[in-house]
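Trainee: One structure coming up, written as structure tokens, with questions to follow.
The values are calculated or read from the model by the stated rules, or taken from the named source; none is laboratory data. In this text, all values refer to a predicted model and were calculated from it rather than measured experimentally. Counting neighbours? That spans all protein chains shown, and the Cβs are built from the backbone with ideal geometry, glycine included.
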Amino acid sequence: MNLAQATQLAAGHDPEVWRKEFPILAETTYLVTHSLGAMPRGVYAKLQAYADQWATRGVRAWAEGWWDSPLSVGNVLGQLMNAPAGSVVMHQNVSVIESLVASCLDFSGPRKRVVYDDQNFPTNMYVWEGARQGAEIVCLPSKGRLGVPLRSRPSTSAR
């Protein structure tokens, strides 16, 4: 399925149209989209092309598309989100990309507070707590609700 076909299918918002694109859904209710989502049928051909490129081009494959793939895939996702080209990039997971962002920040000045809520996936919080480098880590309690009241009293992380 190409982007034009996917966009056309998305316009109908009919999940049954999409179901056949994910083989695991034929016999399973699969809810693990936050970690290792259901693999689309079209991935088989992409994995074969990747393996073929690796087998025939070796290390040269990095310069022949592999380095650019996080941005090119981000551009496809960006089109679906109506984001400007070059503004979305993909990575292995949120924790890795948060670590990259954290490594670029200077917490030595007056604006050194990192604020998040207790509904984040734990490894996302560990990134900020582990990369303090002078940051003040603040976790807003949700009190079991979806969302955090904007006037919540923050608690500074003790880790």
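Trainee: In the stretch 22-37, what residues are assigned to a helix (DSSP H, G or I) and either surrounded by 12 or more Cβ atoms within 10 Å (Cβ to Cβ) or at positive phi (or both)? Step through it out loud before you land on a result.
Mentor: Start the filter on the stretch 22-37 by keeping residues that are assigned to a helix (DSSP H, G or I), which leaves 23-26.
Residues satisfying the conditions are Pro23, Ile24, Leu25.
Trainee: For the stretch 67-75, check the following and say yes or no: at least one residue is in the same structural domain as Ser35 (by TED's automatic domain parsing), more than 20 Å from Leu36 (Cα to Cα) and of a type in the set (A, V, I, L, M, F, W, C).
Mentor: Scanning the stretch 67-75 turns up at least one residue that is in the same structural domain as Ser35 (by TED's automatic domain parsing), more than 20 Å from Leu36 (Cα to Cα) and of a type in the set (A, V, I, L, M, F, W, C).
Trainee: What number of residues in the stretch 40-87 are touching a helix residue (DSSP H, G or I) at 6+ places or on another chain (Cβ under 7 Å), over 26 Å from Arg19 (Cβ atoms) and hydrophobic (A, V, I, L, M, F, W, C)?
Mentor: Looking only at that region, the number is 3.
Trainee: Checking Tyr116 against (1) farther than 30 Å from Ala26 by Cα; (2) among the aromatic types (Phe, Trp, Tyr); (3) surrounded by 14 or more Cβ atoms within 10 Å (Cβ to Cβ); (4) free of Cβ contacts under 8 Å to residues at least 12 places away in the same chain, which single condition isn't satisfied?
Mentor: If we test Tyr116 against (1) farther than 30 Å from Ala26 by Cα; (2) among the aromatic types (Phe, Trp, Tyr); (3) surrounded by 14 or more Cβ atoms within 10 Å (Cβ to Cβ); (4) free of Cβ contacts under 8 Å to residues at least 12 places away in the same chain, just (4) comes out false.
Trainee: Right, something else. Counting only residues that are within 14 Å of the chain's Cα centre (by Cα) and not in a helix (DSSP H, G or I), how many does the stretch 38-86 have?
Mentor: The qualifying residues number 1.
Trainee: What about Asp117, is it acidic (Asp, Glu), out of contact with any strand residue (DSSP E or B) (no Cβ under 8 Å at 6 or more places or on another chain) and not assigned by TED's automatic domain parsing to the domain that holds His34? Before you say what the answer is, go through the steps one by one.
Mentor: On the way: acidic (Asp, Glu): yes; out of contact with any strand residue (DSSP E or B) (no Cβ under 8 Å at 6 or more places or on another chain): no; not assigned by TED's automatic domain parsing to the domain that holds His34: yes.
In short, no.
Trainee: Among the residues of the stretch 49-60, are any modelled with pLDDT of 95 or more, over 23 Å from Met81 (Cα atoms) and of a type in the set (Asp, Glu)?
Mentor: Yes, the stretch 49-60 contains a residue that is modelled with pLDDT of 95 or more, over 23 Å from Met81 (Cα atoms) and of a type in the set (Asp, Glu).
Trainee: Assigned by TED's automatic domain parsing to the domain that holds Thr33, aliphatic (A, V, I, L, M) and closer than 25 Å to Thr33 by Cα: is that true of Leu100 in this structure?
Mentor: no
Trainee: Inspect the stretch 95-113 for any residue being in contact with an Asp or Glu (Cβ under 6 Å, 6 or more places away or on another chain) and not in a loop (DSSP other than H, G, I, E, B) and give the result as yes or no.
Mentor: Yes, because at least one residue in the stretch 95-113 is in contact with an Asp or Glu (Cβ under 6 Å, 6 or more places away or on another chain) and not in a loop (DSSP other than H, G, I, E, B).
Trainee: If you check Glu27 against the conditions, is it without any contact (Cβ under 8 Å) to a residue 60 or more places away in the chain, in contact with a Lys or Arg (Cβ under 8 Å, 6 or more places away or on another chain) and among the acidic types (Asp, Glu)?
Mentor: Taking the combined requirement at face value, the residue does not satisfy it.
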